[in-house]
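The values are calculated or read from the model by the stated rules, or taken from the named source; none is laboratory data. Please read all numbers here as calculations on a predicted model, not as lab measurements. Cβ coordinates were reconstructed from backbone atoms using ideal geometry, including for glycine residues, and neighbour counts include every protein chain displayed.
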Amino acid sequence: MQLFDVYSVSPVEIVKALGSKLWDKNGKEYLDLYGGHAVICIGHTHPHYVEALTNQLQKIGFYSNSIIIAQQKELAQKLGALSGYTNYQLFLCNSGAEANENAFKLASFYNGRKKIIAFEKAFHGRTSLAVTSTDNPAIIAPVNENNNTTFLPLNDINAFDAALNDEVSCVIIEGIQGVAGIQIPETEFLQHIAQKCKEHNVVLILDEVQSGYGRTGKFFAHQYAGIQPDIITVAKGMGNGFPIAGVLIAPHIQPKKEMLGTTFGGNYLACAAGIAVLDVIENENLIDNAQKLGTYLIEQLQSVPNIKEIRGKGLMIAIELHEPCAPVRKRLLEEFGIFTGTASNKNTLRILPSLAVTQEELDALLNALKTILK
């Protein structure tokens, strides 16, 4: 049996990792500034993380949600304390797409409506409802087609007001659009849609799957705008590579028991990973590090030649070139051993390192870019 090709892959087989460093099967060292799609939050194989998972596995690795799993409550309390959302409920699942899928269901159960407003270039996942709110026709199969989602331009208040009505169940927006190439919702826009959603009893869903967990210099990117969404979805950095995701649910949305369900969500190992990640974020001040070094990298990129635009907050950064970035990305990997990402805009490099990345490691990127782009 042959494997299905999920993505176009780099011709590198990684066998070991530590912090932001990777090693292939031949012993060559690489610098990871992409984190496997923004997943590696606290660095690879962090000692506390490894110890937590190892200790948990030696006791019990899995049982279903038909019993009490105390680690779920510990994770919820710690996440509430660090994020500021202490009065929200937490539903645990396995992936960002699954989190968004359940968020849509919660919204529809809450107000009995079925229309969705999403935004152009958005990416919310590949499951049934998540894919219909993702602005990419290439991944919408016939079975996923519906007429319930309206895509609007980001940051266009007039277009939003024209589309909003009492048939809309929910509005979903990323804290920062990642796949689109780090497109940032304006503060005024986020505040406006939050107020309008409240007036129309429309559920506001903030997709913080990529932009959450301290990556932007705040726990959630939307906190820069000072708003409180009805539902927040998280994944990626939540488990530092172990599959775990969550739906944070505001107090006024009260789902009935068994309205949502999951077999693997919130299992012992997933919770051990999630708790360890929050421990490290808190104890090592990684949110402050993300803000400090993100600011540093954005400032230093100003001196790199032949860059069209730099966008970002914290360690969620886009470097847009004047031409397709594939050759630059290829040289970064092959000549300098640096992993970076791309975006739906083929001219854009995405930089999504661990929040524990060092200035020295970012300087390696800067020096490589200056050599390539001079």
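Which one is nearest to residue 368 (Cα to Cα), of the residues in the range 288-311 that are in a strand (DSSP E or B) and touching a residue at least 12 places away in the same chain (Cβ under 8 Å)?
The qualifying residue nearest to residue 368 (Cα to Cα) is 307.
In the range 67-83, is there at least one residue being acidic (Asp, Glu), farther than 15 Å from residue 232 by Cβ, at pLDDT 95 or above and surrounded by 15 or more Cβ atoms within 10 Å (Cβ to Cβ)?
Yes, that holds for at least one residue.
Mind counting the residues in the range 162-206 that are surrounded by 18 or more Cβ atoms within 10 Å (Cβ to Cβ) and more than 30 Å from residue 310 (Cβ to Cβ)?
Residues that pass the stated criteria total 7.
From the set of residues in the range 312-365 that are of a type in the set (Ser, Thr, Tyr) and either crowded, with 21+ Cβ neighbours inside 10 Å or in a strand (DSSP E or B) (or both), which is nearest to the chain's Cα centre (by Cα)?
Keep residues of the range 312-365 that are of a type in the set (Ser, Thr, Tyr), which gives 340, 342, 344, 348, 354, 358.
Applying the additional criterion that residues be either crowded, with 21+ Cβ neighbours inside 10 Å or in a strand (DSSP E or B) (or both) yields 340, 342, 348, 354.
Values: 340: 16, 342: 15, 348: 18, 354: 13 Å.
Within the range 312-365, the match that is nearest to the chain's Cα centre (by Cα) is 354.
Kindly indicate whether any position in the range 233-253 is of a type in the set (Ser, Thr, Tyr), crowded, with 24+ Cβ neighbours inside 10 Å and modelled with pLDDT of 95 or more.
Within the range 233-253, one or more residues are of a type in the set (Ser, Thr, Tyr), crowded, with 24+ Cβ neighbours inside 10 Å and modelled with pLDDT of 95 or more.
Residues in the range 177-213 that are at positive phi and either among the β-branched types (Val, Ile, Thr) or in a helix (DSSP H, G or I) (or both): how many?
Matching residues across the range 177-213 total 1.
For the range 1-100, please list each of the strands (runs of 3 or more DSSP E) lying entirely inside it that holds at least 3 residues being over 28 Å from residue 179 (Cβ atoms) and among the basic types (Lys, Arg).
none
Step by step: first the residues of the range 147-159, then only those that are among the polar types (S, T, N, Q) and more than 19 Å from residue 180 (Cα to Cα), then the one that is surrounded by the fewest Cβ atoms within 10 Å (Cβ to Cβ). Which residue is that?
The extreme case among them is 147.
Looking at this structure, is residue 284 exposed (fewer than 15 other Cβ atoms within 10 Å of the Cβ) and acidic (Asp, Glu)?
no
Taking the range 93-146, which residues are touching a Phe, Trp or Tyr at 6+ places or on another chain (Cβ under 8 Å) and surrounded by fewer than 16 Cβ atoms within 10 Å (Cβ to Cβ)?
Answer for the range 93-146, where residues must be touching a Phe, Trp or Tyr at 6+ places or on another chain (Cβ under 8 Å) and surrounded by fewer than 16 Cβ atoms within 10 Å (Cβ to Cβ): 120, 136.
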